Amino acid sequence: MSEEFNDNKTIQAQSSESISGGGSGAANDIDYVRPAEVGEQDLYHGHSFISKWVFCQDAKVIGVQYFLLATFTGIIGLILSWLMRLQLGFPELAGFMTAEHYYQFVTMHGMIMVVYFLTALFLGGFGNFLIPLMVGARDMVFPYLNMVSFWMFFIAVGVLLASFFVPGGPTGSGWTLYPPQAILEGTPGSGWGIMLMCISLILFVAGFTMGGLNYLITVLQARTRGMTLMRMPLTVWGIFTATVLAMLAFPALLVGALMMSLDNLLGTSFFMPTILKAGEVLEYGGGSPILFQHLFWFFGHPEVYIVALPAFGIVSDLISVHSRKNIFGYRMMVWAIVGIGALSFFVWAHHMYVSGMNPWFGFFFATTTLIIAVPTAMKVYNWILTLWRGNIRLNTVMLWCLGFIVTFVNGGITGIFLGNVTVDVPLSDTYFVIAHFHMVMGIAPLMVIMGAVYHWFPLVAGRMLDEGLGKWHFWITFLGAYSIYFPMHYLGFIGVPRRYFEMYDSPYMTSAVGMNEFISIAAFIVGAAQFILFYNIIKTLKVGKPSGHNPWKACSLEWLTPSVPPEHGNWGDKLPIVHRWAYDYSVPGAKEDFITQITPPSEVANTEVEKT
Amino acid sequence: MSDPKIEGYVFKPGFKGMADDTGSDQTMFKGVHWGKAMMWIFLLSDTFIFSCFLISYMKGRGSTIIDWPNPSEVFGLHVFGVDVPLLLIAIMTFVLITSSGTMALAVKYGYEKNRKMCGWLILATAIGGLTFVGMQAFEWSKLIHEGVRPWENPFGAPQFGSFFFMITGFHGTHVSIGVIFLFIYAYKTFKGHYDEGKRGWFTTMKGDYVEIEILGLYWHFVDLVWVFIFAFFYLW
Amino acid sequence: MHAGIIFFLVILGSVLFHIFTPWYWTDVASNWGGMDDTITLTFWVGGGVFIAVCLFMIYCVFKFSYKEDRKAEYKPEDKKLERILTWATTLGVAALLAPGLIIWNQFISVPKNAIEIDVMAWQWGWQYRLPGEDGKLGTTQVVNINDNNPFGINIDDPYGKDDVMIQSDVINLENNRPVKILLRSVDVLHNWYVPQFRAKMDAVPGIVTYYWFEPNKTGKYEVLCAEYCGVGHYAMRGGVIVQDDQDYDNWLQDQETFSDLIAKQKILETSKTKLAKK
């Protein structure tokens, strides 16, 4: 077994590497970075196809695996949304759909997109791929655990999709899975469907915990020499904070799912009060449905930021690289991410203003919720102030970032409506809510994902994605998505409730028919436009332009590997040594408009570097 | 505790020094093994799980319509013709706390590279854990025998049975997993895997006595959780 | 360049859409006009920020797009600017929050003269109960519900005898008289929502929730269920008729009370037994 490990001698080389190697004595002094604290990591190198590509322990491959599986489930979610939009816009064409189907699709679409698509993609996908590269580690600290994490996710997705084929079909209780209806007759999938959903969520949480421990310990304990916390790219900060949130929020989901499974299987009454169904009193009693809502939203609100914080981090890096300017107010950005993360644990009940909980909670949760608006607004200001006096490359990546700013600010501001308890009363449970959260945690993070794909694809495949196709992809997606969700707010103003299979002929709802048709058409087009990306990727893999090293002229570590795409172990013989933060763009006096994180200070001694 | 020695790094005292350590390069917790840091964070996450359980229990107990049964009667034991409240549970708690002590000693002897002592103490801890699980099984069977079920309870609110079986079951699972690992670690210690630095099955890392401390952290945590469960179920 | 133009058109289009939209809220028909005012306030402040941020971004795109020979400014931080922005945002947010909290305080303080209405929800329908002449509703229990006792009123409770029972999904309300809606559900979550009244609250099985409003426009309104409650959710409608006091009193006269129902039941039973004897 031992020949599969590189019991290399670099451990010696690393820790005993002294100050020698520089030029003059003065240069030695400023280039000094203290020796390594942690020995070299042993890596398991797979030999067979299976150990290299299937049960792989390389975080980069695991990241891509996560990415592909999450995208696959995302496409299922997309197809479900098409079916829903078909029913809402053109019910006469959707004759095959019953109300049961509709509610099952609503539920699965929501759960897939939030948990199995966005969370898995940002943390599992980008987290695995980028964290070790960006902090200068050879791999995640526990590669084996990392591999198990992905395969747990794989099983969780399998269980989730299996629910389409069990008697009764998948659960149709809404993605919030509120009891009592989730496990009572009258809701589709109240037997098998909800059971599989709970099991799948428990598996997902277990698998995620394994991955999350890896991300956290890699960031905390396995950075390379010179990489202080305040030199890390904001992407790492975003993913790191999101992972902390996930580690503390998923327990509530786990407990809720477990208790609901017991209510369903054993007939316990954790969430079940006395219930009269079809003239008969069921054998439940004394439970509290609102308890589940608290557990669910104690998970559910941090979950929003589990998706949003990595997006904040990534978009900060993209904007900075492509405006050739440091991110404005880096320290403020870091503290805003951490602050938003911490506050997100104190706002959960703003999803429950009209749930029947004690109304006095409204004051507290409205206040905390609106406090979160301050750090969030600071982030927005800093993004646009980064553009200010920059040197903006208007390429595809930057377009996605600009699209993100527009949709995120729009969705963030409607969040102030819903967070402010009084305004929420007329708007909650209407289309306004749908429009708000799709804008802010559907479209905006998606814009970042797309930008990130165009940005980091060269690092994965060594080739550049096609810019022309990318721009088409962006404009159709952005304009289409905006015209889906911007008008939808106005349906909410009218008072059209969400989760309606059919509108009937309520006087103010008939006026919504034309709008629904328009939204549906836009949704079909936007969904179809995503296939431009797949075409682009396949085309690029075959005939794309080779990217070479560091095609975007970025400063951060992930572009500075000896080979592109990076190999297992990332850094070749020697780990990089970091001398500055990841944003030294356009430094006055420097030869080029960027100074990489590993450029020794002696080489750029004549520049006016302000921050390290 | 003295600070670990790290070449080229100067530890400074006070809050400022802590902030410096935290923000410095490479590691946040100086000289802390990766596995140990991982266990701490895992336990933090697990704390949230148990907190959610216990808070749900408090809410459930507070809002039920039927009266909650009297714990000292339900958990009482009839020995030698006298009713002794909480007898079994007192013994269980004692055994578990004792096993925490043996675990701590095992860690100490491990770091002293005293293989034999360390191995025997881990084994003793495992047996303590096993005894605890066994007594818990006895208590469960006693309650089931008396008619308590997750969905019903002859002594009062049915939620009593639901929460009791769920939470002690979840904790018992933790203990059982701990016992399995204790046996594995005892075996590995006796075999000398930690002296040789043999690679484990699930990890690519070389064996080291720090692993015993990591398992010890888990074991102490499970004990600590038991203290809370004990207080909430038996003393409230 | 064209990117900036398209983004500008998007913002312009949003503003125009808002001005010319045929889809906007229905006229408020209760005392909760304050809710509309807070929405409007939030709308203008928020909308202003949205437009300002986007226009600034578009300006940057025009002004600072890539030129080979230009270098971006190097300025990692600007403490003063960041401080000003933080405080300005905090003030703006506080200004939005304050009216919200004031109206919420009104929303949860029910006036003393409010008439209590028991709204009972099930899958999938509504029925209502008004206190009788004693002005108090009788206590209820889900297990009591049967054909002879559709609301599950405790038979021993003297307050329940004169309760007016409306076994229909339409209820009449008196204009300009505050009502306290007491919501309960016998099976799953529901929500009694009339868009024109603005207010809503979930009906939760096992507990009684409440909210209040004062209708101030006579007319007929549709009740919607606003909390997902199973496959029939979208079809779970009801009605409210707001009337002047004269009409309302006439309507109230015709409604059946619980004791009426019990009496009717007794007559039915005795006739049944008589029939059986014959």
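Filtered by the rule that a residue be away from chain C (no Cβ under 13 Å) and assigned to a loop (DSSP other than H, G, I, E, B), the range A:159-211 gives A:166, A:167, A:170, A:191. Identify, please: which residue in the range A:281-319 is farther than 25 Å from residue A:436 by Cα and facing chain C (nearest Cβ under 10 Å) and is, among those, surrounded by the fewest Cβ atoms within 10 Å (Cβ to Cβ)? Selected residue: A:281. Answer yes or no: is there a residue in the range A:265-281 that is part of a helix (DSSP H, G or I) and either assigned by TED's automatic domain parsing to the domain that holds residue A:135 or touching a Pro at 6+ places or on another chain (Cβ under 7 Å) (or both). For the range A:265-281, residues part of a helix (DSSP H, G or I) and either assigned by TED's automatic domain parsing to the domain that holds residue A:135 or touching a Pro at 6+ places or on another chain (Cβ under 7 Å) (or both): absent.
Per-residue answers, yes or no, for (1) without any contact (Cβ under 8 Å) to a residue 40 or more places away in the chain; (2) touching an Asp or Glu at 6+ places or on another chain (Cβ under 8 Å); (3) within 30 Å of residue A:434 (Cα to Cα); (4) of a type in the set (Phe, Trp, Tyr):
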position: C:170; (1), (2), (3), (4): no, no, yes, no
position: C:186; (1), (2), (3), (4): no, no, yes, no
position: C:197; (1), (2), (3), (4): no, no, yes, yes
position: C:201; (1), (2), (3), (4): yes, no, yes, no
position: C:221; (1), (2), (3), (4): no, no, yes, yes
position: C:230; (1), (2), (3), (4): no, no, yes, no
position: C:253; (1), (2), (3), (4): yes, no, no, no
position: C:257; (1), (2), (3), (4): no, yes, no, no
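What are the residues in the range A:47-82 that are free of Cβ contacts under 8 Å to residues at least 24 places away in the same chain and within 14 Å of chain B (Cβ to nearest Cβ), if any? Within the range A:47-82, A:51 is the sole residue that qualifies.
Does the range C:90-108 include one or more residues that are surrounded by 13 or more Cβ atoms within 10 Å (Cβ to Cβ) and touching a Lys or Arg at 6+ places or on another chain (Cβ under 8 Å)? Checked against the condition, which is being surrounded by 13 or more Cβ atoms within 10 Å (Cβ to Cβ) and touching a Lys or Arg at 6+ places or on another chain (Cβ under 8 Å), the range C:90-108 yields no hits at all. Counting the residues of the range C:61-95 that are part of a helix (DSSP H, G or I) and aromatic (Phe, Trp, Tyr) gives 2. Please go through the range A:495-511 and pick out each residue that is within 11 Å of another protein chain (Cβ to nearest Cβ), assigned to a helix (DSSP H, G or I) and surrounded by fewer than 21 Cβ atoms within 10 Å (Cβ to Cβ). Scanning the range A:495-511 gives A:507, A:508. Take residue C:185 and tell me if it is small (Gly, Ala, Ser) and surrounded by fewer than 23 Cβ atoms within 10 Å (Cβ to Cβ). Spelling it out, it is not the case that residue C:185 is small (Gly, Ala, Ser) and surrounded by fewer than 23 Cβ atoms within 10 Å (Cβ to Cβ).
Against the list (1) within 14 Å of chain A (Cβ to nearest Cβ); (2) touching an Asp or Glu at 6+ places or on another chain (Cβ under 7 Å); (3) surrounded by 21 or more Cβ atoms within 10 Å (Cβ to Cβ), the condition residue C:192 fails is (2). Residues in the range B:50-61 that are in contact (Cβ under 8 Å) with a residue 40 or more places away in the chain and either β-branched (Val, Ile, Thr) or within 12 Å of residue B:174 (Cβ to Cβ) (or both) were compared, and the one that is farthest from the other protein chains (Cβ to nearest Cβ) is B:50.
All told, residue A:240 falls short of being buried (at least 24 other Cβ atoms within 10 Å of the Cβ), farther than 21 Å from residue A:58 by Cβ and not polar (S, T, N, Q). Checking each residue of the range A:341-360 against the condition of being under 17 Å from residue A:420 (Cβ atoms), within 11 Å of chain C (Cβ to nearest Cβ) and in a helix (DSSP H, G or I) gives no match. Against the test of being of a type in the set (Val, Ile, Thr) and surrounded by fewer than 16 Cβ atoms within 10 Å (Cβ to Cβ), the options C:155, C:145, C:117 yield a single qualifying residue, C:155.
Can residue B:43 be described as at pLDDT 95 or above, in a helix (DSSP H, G or I) and of a type outside the set (Asp, Glu)?
yes
The sole residue among B:178, B:197, B:216, B:192 that is away from chain A (no Cβ under 14 Å), loosely packed, with under 14 Cβ neighbours inside 10 Å and not aliphatic (A, V, I, L, M) is B:192.
Do you know which residues across the range C:111-153 are assigned to a loop (DSSP other than H, G, I, E, B) and within 14 Å of chain A (Cβ to nearest Cβ)? Hits for the range C:111-153 are C:123, C:124, C:141, C:145, C:147, C:148, C:150, C:151, C:152.
The values are calculated or read from the model by the stated rules, or taken from the named source; none is laboratory data. What you see is a predicted model, and the numbers here were worked out from it, not measured in a lab. Cβ sites come from the backbone with ideal geometry, for glycine too, and all protein chains shown count toward neighbours.
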